[in-house]
Amino acid sequence: MEQDQEKVVERSSSGRSKWIVLLVIAVIVLVAGCVLLFVWKSKEKEEDDGGKIGYDTNAVVVTDEDELQKLADEMNKNDGEISLEYKNVATSQDGSNFNCYIANSAKNRYDMYVGIYTDVDYSEELYLSKLMKPGSGIKNFQCKKKPEPGVHDVVMVFTFVENDHATIHSQTNVTYTLHVEE
(Lines give C-alpha, C1' and ligand atoms only; values in the text may rest on other atoms or scores of the structure.)
Protein backbone atom coordinates (compact mmCIF):
# COMPACT_ATOMS: atom_id res chain seq x y z
CA MET A 1 0.00 0.00 0.00
CA GLU A 2 2.85 2.33 0.81
CA GLN A 3 4.36 1.65 -2.59
CA ASP A 4 1.05 2.51 -4.25
CA GLN A 5 0.95 5.82 -2.39
CA GLU A 6 4.57 6.56 -3.45
CA LYS A 7 3.67 5.85 -7.10
CA VAL A 8 0.65 8.16 -6.85
CA VAL A 9 2.85 10.88 -5.31
CA GLU A 10 5.49 10.33 -8.04
CA ARG A 11 2.84 10.46 -10.79
CA SER A 12 1.22 13.59 -9.39
CA SER A 13 4.57 15.38 -8.97
CA SER A 14 5.71 14.35 -12.47
CA GLY A 15 2.32 15.48 -13.81
CA ARG A 16 2.77 18.81 -12.03
CA SER A 17 6.27 19.13 -13.46
CA LYS A 18 4.93 18.59 -16.97
CA TRP A 19 2.28 21.26 -16.42
CA ILE A 20 4.84 23.68 -15.04
CA VAL A 21 7.13 23.10 -18.03
CA LEU A 22 4.21 23.58 -20.44
CA LEU A 23 3.16 26.75 -18.60
CA VAL A 24 6.72 28.15 -18.77
CA ILE A 25 6.92 27.37 -22.50
CA ALA A 26 3.53 29.03 -23.07
CA VAL A 27 4.69 32.15 -21.20
CA ILE A 28 7.92 32.29 -23.22
CA VAL A 29 5.98 31.95 -26.49
CA LEU A 30 3.53 34.65 -25.38
CA VAL A 31 6.34 37.07 -24.41
CA ALA A 32 8.19 36.39 -27.71
CA GLY A 33 4.96 37.01 -29.62
CA CYS A 34 4.42 40.32 -27.80
CA VAL A 35 8.00 41.41 -28.53
CA LEU A 36 7.65 40.52 -32.23
CA LEU A 37 4.32 42.35 -32.42
CA PHE A 38 5.84 45.43 -30.80
CA VAL A 39 8.82 45.41 -33.19
CA TRP A 40 6.55 44.88 -36.21
CA LYS A 41 4.21 47.71 -35.16
CA SER A 42 7.09 50.11 -34.52
CA LYS A 43 8.55 49.40 -37.99
CA GLU A 44 5.11 49.84 -39.53
CA LYS A 45 4.79 53.17 -37.71
CA GLU A 46 8.20 54.28 -39.07
CA GLU A 47 7.15 53.37 -42.62
CA ASP A 48 3.76 55.08 -42.32
CA ASP A 49 4.92 58.68 -42.22
CA GLY A 50 1.77 60.09 -43.81
CA GLY A 51 3.63 61.00 -47.00
CA LYS A 52 5.94 63.42 -45.17
CA ILE A 53 9.64 63.59 -45.75
CA GLY A 54 11.50 62.09 -42.81
CA TYR A 55 14.85 63.03 -41.37
CA ASP A 56 17.95 61.35 -42.71
CA THR A 57 19.50 59.16 -40.03
CA ASN A 58 22.95 59.89 -41.47
CA ALA A 59 22.53 63.66 -41.25
CA VAL A 60 25.13 65.55 -39.26
CA VAL A 61 24.48 68.79 -37.39
CA VAL A 62 27.28 71.26 -38.02
CA THR A 63 27.35 74.77 -36.61
CA ASP A 64 30.90 75.76 -37.57
CA GLU A 65 31.11 77.17 -41.13
CA ASP A 66 34.63 75.84 -41.67
CA GLU A 67 33.55 72.35 -40.60
CA LEU A 68 30.54 72.56 -42.93
CA GLN A 69 32.80 73.51 -45.85
CA LYS A 70 35.12 70.59 -45.02
CA LEU A 71 32.15 68.19 -45.07
CA ALA A 72 30.90 69.59 -48.40
CA ASP A 73 34.38 69.33 -49.93
CA GLU A 74 34.71 65.76 -48.69
CA MET A 75 31.33 64.80 -50.13
CA ASN A 76 32.23 66.29 -53.52
CA LYS A 77 35.63 64.61 -53.44
CA ASN A 78 34.12 61.21 -52.67
CA ASP A 79 31.06 61.37 -54.89
CA GLY A 80 31.99 63.88 -57.55
CA GLU A 81 29.70 66.06 -59.54
CA ILE A 82 28.05 64.99 -62.76
CA SER A 83 28.34 67.36 -65.73
CA LEU A 84 26.21 66.97 -68.85
CA GLU A 85 27.79 68.05 -72.10
CA TYR A 86 25.77 68.05 -75.33
CA LYS A 87 24.19 70.19 -78.03
CA ASN A 88 20.41 70.10 -77.72
CA VAL A 89 19.72 69.38 -81.42
CA ALA A 90 20.88 66.54 -83.65
CA THR A 91 20.37 66.98 -87.41
CA SER A 92 19.95 64.50 -90.22
CA GLN A 93 19.58 64.67 -94.00
CA ASP A 94 18.18 61.14 -94.37
CA GLY A 95 16.43 60.51 -91.01
CA SER A 96 18.84 57.74 -90.12
CA ASN A 97 22.31 59.25 -89.66
CA PHE A 98 22.41 62.17 -87.22
CA ASN A 99 25.13 64.74 -86.60
CA CYS A 100 25.35 65.63 -82.93
CA TYR A 101 27.60 66.50 -80.03
CA ILE A 102 27.15 64.31 -76.95
CA ALA A 103 30.10 63.92 -74.58
CA ASN A 104 31.06 62.62 -71.18
CA SER A 105 32.60 65.75 -69.68
CA ALA A 106 36.25 65.52 -68.68
CA LYS A 107 35.10 66.78 -65.24
CA ASN A 108 33.20 63.53 -64.61
CA ARG A 109 34.66 60.57 -62.75
CA TYR A 110 32.36 57.90 -64.19
CA ASP A 111 31.94 56.23 -67.56
CA MET A 112 28.55 56.84 -69.13
CA TYR A 113 26.28 55.76 -71.94
CA VAL A 114 23.38 57.53 -73.61
CA GLY A 115 19.99 56.24 -74.70
CA ILE A 116 17.58 58.18 -76.92
CA TYR A 117 13.90 57.27 -76.74
CA THR A 118 10.72 58.45 -78.43
CA ASP A 119 9.01 59.37 -75.14
CA VAL A 120 9.37 59.54 -71.36
CA ASP A 121 8.01 55.99 -71.01
CA TYR A 122 11.05 54.75 -72.98
CA SER A 123 8.61 52.82 -75.14
CA GLU A 124 10.82 52.87 -78.22
CA GLU A 125 14.59 53.05 -78.23
CA LEU A 126 16.02 55.07 -81.11
CA TYR A 127 19.69 54.85 -80.11
CA LEU A 128 21.86 53.32 -77.40
CA SER A 129 25.54 54.22 -77.21
CA LYS A 130 28.47 52.21 -75.95
CA LEU A 131 30.31 53.37 -72.82
CA MET A 132 32.10 56.69 -73.05
CA LYS A 133 35.03 57.50 -70.76
CA PRO A 134 35.26 60.99 -69.23
CA GLY A 135 36.58 63.37 -71.88
CA SER A 136 35.20 61.35 -74.82
CA GLY A 137 32.04 61.66 -76.86
CA ILE A 138 30.22 61.11 -80.14
CA LYS A 139 29.68 63.38 -83.13
CA ASN A 140 27.13 61.21 -84.93
CA PHE A 141 24.81 58.28 -84.39
CA GLN A 142 22.45 56.11 -86.40
CA CYS A 143 18.79 55.79 -85.37
CA LYS A 144 17.26 52.33 -85.17
CA LYS A 145 14.03 53.77 -86.58
CA LYS A 146 13.87 56.57 -89.14
CA PRO A 147 11.83 59.53 -87.90
CA GLU A 148 9.72 61.36 -90.46
CA PRO A 149 11.04 64.69 -91.79
CA GLY A 150 10.51 67.52 -89.31
CA VAL A 151 11.36 68.34 -85.71
CA HIS A 152 10.92 65.67 -83.04
CA ASP A 153 11.21 66.08 -79.28
CA VAL A 154 12.65 62.91 -77.77
CA VAL A 155 14.13 61.90 -74.43
CA MET A 156 17.86 61.42 -73.94
CA VAL A 157 18.95 59.47 -70.87
CA PHE A 158 22.47 59.91 -69.48
CA THR A 159 23.48 56.88 -67.39
CA PHE A 160 26.70 57.04 -65.36
CA VAL A 161 28.07 53.71 -64.14
CA GLU A 162 30.45 52.65 -61.38
CA ASN A 163 33.82 51.04 -62.20
CA ASP A 164 32.22 47.57 -62.38
CA HIS A 165 30.18 48.84 -65.38
CA ALA A 166 27.11 47.10 -63.92
CA THR A 167 26.10 49.43 -61.09
CA ILE A 168 24.31 52.64 -62.03
CA HIS A 169 25.83 55.59 -60.20
CA SER A 170 23.51 58.28 -61.51
CA GLN A 171 20.92 58.71 -64.21
CA THR A 172 19.15 61.73 -65.61
CA ASN A 173 17.07 62.48 -68.66
CA VAL A 174 16.65 65.59 -70.78
CA THR A 175 14.46 66.61 -73.65
CA TYR A 176 16.43 66.36 -76.86
CA THR A 177 15.53 67.46 -80.39
CA LEU A 178 15.98 65.47 -83.57
CA HIS A 179 15.73 67.59 -86.72
CA VAL A 180 15.21 65.64 -89.93
CA GLU A 181 15.51 67.89 -92.95
CA GLU A 182 12.89 67.61 -95.64
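The values are calculated or read from the model by the stated rules, or taken from the named source; none is laboratory data. Because the structure is predicted, anything quoted here is derived from the model rather than measured. FYI the Cβ positions are ideal-geometry reconstructions off the backbone, even for glycines, and counts take in every protein chain you see. The accessibility values were calculated without ligands, DNA or RNA, using every heavy atom of the protein model including side chains. Shrake-Rupley method; radii C 1.70, N 1.55, O 1.52, S 1.80 Å.
Points worth noting:
- Computed accessible area, Lys70, all protein chains, 1.4 angstrom probe, square angstrom: 130 Å²
- Radius of gyration, Dmax [the stretch 70-182; alpha carbons; angstrom]: 15.3, 55
- For the pair Ala106 and Lys144, a Förster radius of 30 Å applied to the C-beta separation gives a FRET efficiency near 0.55, rounded to the nearest 0.05.
- Per-residue surface analysis assigns Glu85 an accessible area of about 60 Å², computed on protein heavy atoms at 1.4 Å probe radius.
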